[in-house]
Amino acid sequence: MNLVYIVMGLALVQFLFFGYAVGAARGRYGIKAPATTGNEQFERYFRVQMNTLELLVVLIPALPMFAWFISARWAAALGALYIVGRGFYYVGYTRDPAKRSFGFLLSSLPVFALLLGGIGGAIAAFFRS
Amino acid sequence: MNLVYIVMGLALVQFLFFGYAVGAARGRYGIKAPATTGNEQFERYFRVQMNTLELLVVLIPALPMFAWFISARWAAALGALYIVGRGFYYVGYTRDPAKRSFGFLLSSLPVFALLLGGIGGAIAAFFRS
Amino acid sequence: MNLVYIVMGLALVQFLFFGYAVGAARGRYGIKAPATTGNEQFERYFRVQMNTLELLVVLIPALPMFAWFISARWAAALGALYIVGRGFYYVGYTRDPAKRSFGFLLSSLPVFALLLGGIGGAIAAFFRS
């Protein structure tokens, strides 16, 4: 279970890095707060951060649910795959939004698996108890 | 407690569906990433997803807090009400933003109740211990 | 540990207040949903909410991780510092975006400390077990 928390923490470190990249892009492309539009390259960094936020809000509860009801090892492995996939997503999206699909799938499929597995495990536990 | 995790999982499935609806609306209204503006109908789907994200980040920790300190059954019931309310919010907002109030209240009041109940229960437990 | 949940709950109450402030600013500056741009003052309230959401998604899992692996008292203290820092951030940003740095640092440094401490504690626990 400790491994699951390490993976969860690293996913959050990666997310903070995406946030840092948005701040750096603000300076580089001259987008002053509170604006979030006006330069396509800046908007790519911003969308990477926001899309990761959308996925993270599912990953964070799904990871311990899957670990608890199914398997902590598999939860950690799927979480690690998510982090790798988000790395590809970041590189792909900021180079060319049309190339974001591979990293998107590699990071969202593990999240779907964790969530569906977690729900399935909770339903099974509900009927056993 | 298992029931609470099932409800939490279903709230996340609903959120992923809202995200899918945004992706579908991108295609339907011709809004290419990274843009998130330019078509009012697309922006409605996008705002449903973002507003749900804002509420979900409160619901996810409030659900187990309420279940732990107050009652798991009531936590599950309030969580289920939230999911129904968000369904109304999605339908209302995408048809007409002015009609989003009913679903908004039906989904945010359970979240407020879960949060305030959870804090109240934690404070009571703090003074008992 | 109860104190950690009280602090977590109060951070969420503060976030809901920021969301309420966005709704109030919609009325005051005449920004009708689903729009989120068009008035700089409105956009400041909106960015406070969104930036807090970005930080909250890290704080919520980092708080109990730090409390579990390191110290519940220190977790509660760092969480309380985050809430104070976000209060300064809200006041600073809505008055003048250039003045948001102090509150930003005062609220993000505790989150970084909680996250890094939580990961460090999880790694130490992993090698001990």
Notebook entry, point to check: If the label for C:L109 sits 7 angstrom from Cα along the Cα-to-Cβ line, what are its distances to the same label in every other copy, in nm to one decimal, shortest first?
Noted result: 4.4, 4.4
Checklist line | Net lengthening on full extension, C:S129/C:W74 (0.36 nm per residue, minus Cα-Cα) | finding: 17.4 nm
Checklist line | Other protein chain Cβ atoms within 10 Å, averaged over every residue that makes up A:36-46 | finding: 2
Next item on the list: May I ask you to give the solvent-accessible area per residue for the protein assembly as shown, in square angstrom, as obtained with a 1.4 angstrom probe?
Entry: 43 Å²
Notebook entry, point to check: Which value, to two decimals, describes the C-alpha radius of gyration of the range B:27-123 once divided by 2.2 N^0.38 Å?
Noted result: 1.26
Check: Looking down the axis that turns A into C, which residue of A has the closest beta carbon, and how many Å out?
Finding: A:V57, 3
Note to self: Nearest 500 deg cm²/dmol is fine: what mean residue ellipticity at 222 nm does chain A get from its DSSP H runs of n ≥ 4 alone, each adding -39,500 (n - 2.57), divided by its residue count?
What the structure shows: -30500 deg cm²/dmol
Next item on the list: Could you pull the copy-to-copy label distances for B:A77, with points set 7 Å along Cα to Cβ, in nm to one decimal and sorted shortest first?
Entry: 4.2, 4.2
Notebook entry, point to check: So what is the relative contact order of the range C:67-125, in percent, for Cα pairs below 8 Å that sit 6 or more residues apart?
Noted result: 40 percent
Notebook entry, point to check: Inter-copy label distances at B:K32, 7 Å along the Cα→beta-carbon direction, one decimal in nm, shortest first?
Noted result: 3.0, 3.0
Next item on the list: Kindly provide log₁₀ I(q)/I(0) values, in the same order as q = 0.08 Å⁻¹, from the Debye equation applied to equal alpha-carbon scatterers of the protein assembly as shown.
Entry: -0.39
Notebook entry, point to check: With heavy atoms of protein chains only and a 1.4 Å probe, what residues of the range B:52-73 have at least 20 Å² less accessible area in the full set of chains than alone?
Noted result: B:L53, B:E54, B:V57, B:V58, B:I60, B:P61, B:M65, B:F69
Note to self: I'd like the mean, over residues of C:94-100, of how many other protein chain beta carbons sit within 10 Å of each residue's own Cβ.
What the structure shows: 1
Notebook entry, point to check: Which percent of the accessible heavy-atom area of the protein assembly as shown goes to carbon and sulfur, probe 1.4 angstrom?
Noted result: 67 percent
Notebook entry, point to check: Considering every residue in C:8-16, what mean count of other chain Cβ atoms within 10 Å of its Cβ is obtained?
Noted result: 6
Margin query: I'd like the interface area for chains A and B: accessible area of each alone minus the complex, both sides summed, 1.4 Å probe, protein heavy atoms only. What is it in Å² to the nearest 100?
Written below: 1900 Å²
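The values are calculated or read from the model by the stated rules, or taken from the named source; none is laboratory data. What you see is a predicted model, and the numbers here were worked out from it, not measured in a lab. Methodologically, a virtual Cβ is constructed for each residue, glycine included, from the backbone with ideal geometry; neighbour enumeration extends over all protein chains shown. Note: accessible area is taken over every heavy atom of the protein model, side chains too, but ligands, DNA and RNA are not part of it. Shrake-Rupley method; radii C 1.70, N 1.55, O 1.52, S 1.80 Å.
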